[in-house]
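All remarks here apply to the structure that follows.
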Amino acid sequence: MSDFLKLGISETLVNKLRGHGIAKPTPIQEQAIPFVMNGNDIIAQAQTGTGKTFAFILPILEKINHDAEQVQALIVTPTRELALQITDEFEKLIAGINSVDVLAVYGGQDVDKQLKKLKRGMQIVVGTPGRLLDHIRRETIRLSEISFLVLDEADQMLHIGFLNEVEDIIRETPASRQTMLFSATMPPEIRKLAKKHMRDPEYIQVEKTQGPAENVKQIAIHTTDRAKQATLIQLVETYRPYLAVVFCRTKRRVSKLFDVLKANGFSCDELHGDLSQAKRERVMKRFRDAEVQLLIATDVAARGLDVEGVTHVFNYDIPEDADSYVHRIGRTGRAGMTGLAITFYSSADRPMLETIEQELNIIIPKQNMGNSEEKLEAEDVKKERNTVHKDKRGMSKARTSTSRNRNDTGRRENRSGGSGSSERRSQTVTSGRNSTKTGSGRKGPR
């Protein structure tokens with residue numbers, strides 16, 4: 001593996017990288033940087049966590065005109081969190097360089113503050129499509145002189161529904177620009193976008209990008225929806241993650257699970273679209289600083305989330321498609337580290353799990369937690385079938401009435417704390433909570 005100097009990166013930036021513990025380029029950096037330095041358009045198919053951000057940051061910092069004040073580089077991202085992360089990486093490297101400024105623009109910010117910063121002259125702008133278009137229409141950002149356009153996580157912009165906005169932004173840029181497109185997957189719409197707006201791009205593919213990273217161990221746990229909370233608690237206490245992301249399908253389910261975990265003494269926080277931008281940034285800072293161990297999040301809120309030290313991902317709700325699965329579990333196993341991704345699935349979720357496996361050409365090892373909830377459901381079904389069978393055989397009304405009375409008595413016993421299904425459900429949750437009181441997800445010293 002070569003070093004950054006051999007890739008054409010200046011000694012000044014190389015020393016900055018070393019100061020942040022980065023000495024050798026990753027495969028995506030090693031392949032992409034020479035093409036970008038040479039002025040080529042590139043399509044890089046690489047997952048998050050491969051070091052792709054520095055693959056465009058370093059050449060841009062080398063090639064922009066430090067004396068010019070207009071916007072020269074535009075990086076378009078699907079989410080506010082990713083825009084902030086990229087901006088943070090830029091700022092690490094330009095610290096002490098007075099002639100280069102970078103600005104993140106995204107929804108939820110004070111527009112007036114953005115305008116004041118833009119008037120000072122920004123060479124590099126990182127932003128989300130909606131807010132960028134807002135500035136373009138206000139004529140507060142002019143893209144007529146940009147030299148570099150980066151479309152980061154292009155497949156996620158497609159997934160969220162930003163493709164038309166991205167096209168509108170591209171039309172505002174000069175045809176002479178250099179374009180870099182980064183995407184974990186390459187759906188037909190992204191290929192069409194690249195063919196339409198890029199000039200003879202060099203194609204780079206790093207490792208196994210169509211499926212999950214090989215250093216992420218995957219497990220699928222068969223459970224039921226009502227047993228998920230107890231199952232998650234048991235697994236967190238068993239695996240004791242340093243940092244973990246728990247994905248839920250909706251904002252409501254995120255908040256509900258957050259309340260349950262918090263009530264059970266776990267160090268956790270929630271991340272979803274209903275939070276204010278200031279709150280979202282506070283949550284992300286706490287998670288990056290390892291002040292909380294469990295981050296419960298929706299897909300959209302956690303897209304582009306790049307946090308060192310995430311050891312586990314829990315798919316509390318099964319992803320909607322294979323691409324979402326790849327992006328979710330890509331939050332762990334980053335920068336060469338290993339990770340564990342655990343997906344919960346019910347019997348109703350089995351077809352989706354099989355679809356994910358087929359599309360990614362993988363087999364996810366299956367486990368059954370053996371929750372009493374599943375046994376209870378099976379018993380309920382069995383009882384219903386027996387009742388129907390007896391009715392068909394023509395049981396007498398008196399016998400049927402007696403059976404109903406017995407069932408009513410059993411239900412009253414269960415409600416009063418007898419040995420029925422309620423008690424068994426309580427035991428399931430209790431055993432999961434008490435198995436390891438000192439699990440790292442709990443509040444208190446680690």
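Nothing in this text is a laboratory measurement; each read-out follows from the coordinates by a stated rule. Remember, predicted model here, so these are calculated numbers, not experimental data. A quick note on method: Cβ atoms are made from the backbone with ideal geometry, for glycine too, and the neighbour counts reach across all protein chains shown.
Quick notes
- Cα→Cβ-extended label distance, 7 Å offset, between Met37 and Ser176, nm: 2.4
- On the beta carbon distance between Glu91 and Met337, with R0 = 22 Å, the FRET formula returns roughly 0.35.
- Placing pseudo-labels 7 Å out from each Cα toward the beta carbon at Ser99 and Lys6 gives an inter-label distance of 3.0 nm.
- Rounded, prolate or oblate (a/c below 1.5 giving rounded, otherwise prolate when a/b exceeds b/c) for segment 2-124 by Cα gyration tensor: prolate
- Segment 43-101 shape via C-alpha gyration tensor axes, a/c threshold 1.5: prolate
- Projecting label points 7 angstrom from Cα along Cα→Cβ for Asp274 and Asp321 puts them 2.7 nm apart.
- Model label zone, Asp289; criterion: amide N under 20 Å from point 7 Å along Cα-to-beta-carbon; scope segment 73-95: 81-82, 84-89, 91-92
- Cα gyration tensor shape for segment 102-158, rounded if a/c is under 1.5, else prolate or oblate: oblate
- Environment charge at Thr311 (Cβ cut-off 12 Å; Lys +1, Arg +1, Asp -1, Glu -1): +3
- The three principal axes of the C-alpha atoms in segment 5-205 carry coordinate ranges of 42, 41, 29 Å, sorted with the longest axis first.
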